[in-house]
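We did not get these values from a lab; they are worked out from the coordinates using the rules stated. On a predicted model such as this, the values are computed, not experimentally measured, just so you know. We place every Cβ from the backbone using ideal geometry, glycine too, and count neighbours over all the protein chains shown.
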Amino acid sequence: MISKVNRRGLIKWGLISAGVPVFSRVLSSPLLAQVGGRAQEKLGYPATREDMPGGGQLEIRMTTSPFTSDPDEFEAYQRIRPYNPESVYVEWARLAEKNEQMAEKFEGEKRMVTASEFYLRAAEFYRRACVRQNEGEPRMVPTYKKYVGLFNKAWQLVPPPFERLQVSYEGKILDGYFRKPAGPAGRRFPVVIEQQGADTSAESSIMVGASPYVARGMAYLVVDTPGTVGAMRLKDLHAPPDSERIAKILVDYAVSRPDVDPSRIGMNGISLGGYGGPRSASGEKRIKALWMMSGAYSLLEDIFDYYPPIRDRLRWIVGARDFADARKKLADFTLEGRASKIECPMLIGYSNDDRIMDPRGASRLYQAAVNSKREMLEGLGHNVDANVGGPRTLPSAVVIQADWAAKHLVAGA
């Protein structure tokens, strides 16, 4: 259940006293120590394994859902074997090829809008086929390029609702997209900058992730930054601990645009962005609002130690040689001494049943960010149903985030 919890409610329920910091007892309870990644044995494999394929994220309910109304996705749910990277690749690639062939047929019939829609379906299925493959898998980069190629082809047939862009980062060129609402020439919009997760891509974000914000009057900027899917696979760029260094170039780009209001810049952190977002806001004061999925305080403690199956994926993300080197590098991915520098309003998402990231990291962030007017939102983490479309409360977590952003960034919202 997604629930907004405040101090008054906790006092009412008897969970804390008026003088105790919010969540200090709730999130350190023995019960919480048994949820999330600590209970993976119930899913059929040891929680302590460090060599799970795909970062340990190939349990069937983390890749697709029986609740989908899409026949291809439902077919994938029925056929994919859990924890089997070959099965994941084969089934999604098969569906991608089927949809690509249908798109080609529609294009040949000059049904360009329909063809574009099916190229986008094929692209998304190619993304799912490769996104959780391990480093060194020979099909990964060609499949990822196929995904991007079909995404581009789809928008050659119909006008895209976004702009393509490039920004310079320490001698490298990063690719991204910008999307904004309709409006008169000269209008400046508030802008949301996405801090991506390890498995998100700029192409999917600018379409799916951007839509709720654009509908509420906000522009959306997303760039494949170091440590994310495209930057790692195509440019071998790994995540640095000081996310504020990357945030600066994104904010610099945003404020250079004549259609962006430089006084209304927000940041949305997804998954690993639950660390990158707060770390960015601790150093980049032009960020005026911050909200995140799976808020984190220390990536070493909150994910590397909490969920061993993902360790090899994290090693790759930070560019480490082995686990010992990864542990050394990840020690710098922390908000220790920095959380108190966050001054903008902040919505910290977490889930008690988070499978990958320790929800107690969100609590530590909340407690340390004493100069931010902050809130916490339960249900906004790596819980399965929220990720792949299972039963949810209404409004959904995505809608709640977009409404929260509009409240802080859109005049009159």
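When the Cα positions of Gly273, Gly283, Pro262 are compared along the charge dipole of segment 224-304, Pro262 comes out farthest toward the positive end, with charges on each C-beta of Lys, Arg, Asp and Glu. In percent, rounded to a whole number, the relative contact order of segment 161-409 is 18, using alpha-carbon pairs under 8 Å and six or more apart.
Might you report the magnitude of the Cβ-based charge dipole of segment 162-257 about its Cα centre, with Lys and Arg at +1 and Asp and Glu at -1, to the nearest 20 debye? Intermediate results must be reported in sequence, preceding the final value.
Values: 12 positive and 11 negative charges, 96 e Å.
Roughly 460 debye for segment 162-257.
Test of understanding: ordering Met267, Met376, Met102 by Cβ neighbours within 10 Å, fewest first, what list do you get?
Details: Met267 31, Met376 24, Met102 17.
In increasing order of surrounding Cβ atoms, one gets Met102, Met376, Met267.
If you take the Cα Rg of segment 305-378 and divide it by 2.2 N^0.38 Å, with N the number of residues, what do you get?
1.26
Scaled against the 2.2 N^0.38 Å expected of a compact globular protein of N residues, the Cα radius of gyration of segment 245-394 reads 1.06.
So for Arg279, Arg321, Arg121, fewest C-beta neighbours within 10 Å to most, what's the order?
Going from least to most buried by this count: Arg321, Arg121, Arg279.
Ranking Leu221, Pro395, Ala326 by Cα position along the charge dipole of segment 161-409, where only Lys, Arg, Asp and Glu carry charges on their C-beta atoms, puts Leu221 farthest toward the positive end.
Restricting to Cα pairs below 8 Å that are 6+ residues apart, what does the relative contact order work out to for segment 297-362? Please round to a whole percent.
Contact order relative to length: 46 percent.
What is the dipole size for segment 161-409, taken about its Cα centre, with +1 at each Lys and Arg Cβ and -1 at each Asp and Glu Cβ, in debye to the nearest 20? Provide the component values of the computation, followed by the final result.
Details: 33 positive and 30 negative charges, 126 e Å.
Once rounded to the nearest 20, the dipole reads 600 debye.
Going from the residue with the fewest nearby Cβ atoms within 10 Å to the one with the most, Phe189, Phe125 rank Phe189, Phe125. Over segment 128-192, Cα pairs under 8 Å with separation of 6+ residues give a relative contact order of 18 percent. Selection among Trp155, Val208, Phe178 by position relative to the dipole of segment 138-208 gives Trp155 as farthest towards the positive end (Cβ unit charges, Cα centre). If only the Cβ of Lys and Arg carry +1 and only the Cβ of Asp and Glu carry -1, the dipole of segment 63-160 around its Cα centre is close to 160 debye. A simple count of charges around Ala405, restricted to other residues whose Cβ falls under 13 Å of its Cβ and scoring Lys, Arg +1 and Asp, Glu -1, yields +1. When peptides 191-202, 103-114 are sorted by average Cβ neighbour count within 10 Å, with the highest value leading, the order is 191-202, 103-114. Of the beta bridges DSSP finds with both residues in segment 161-409, what % are antiparallel, to the nearest 5? Here the share of antiparallel DSSP bridges comes out near 35 percent.
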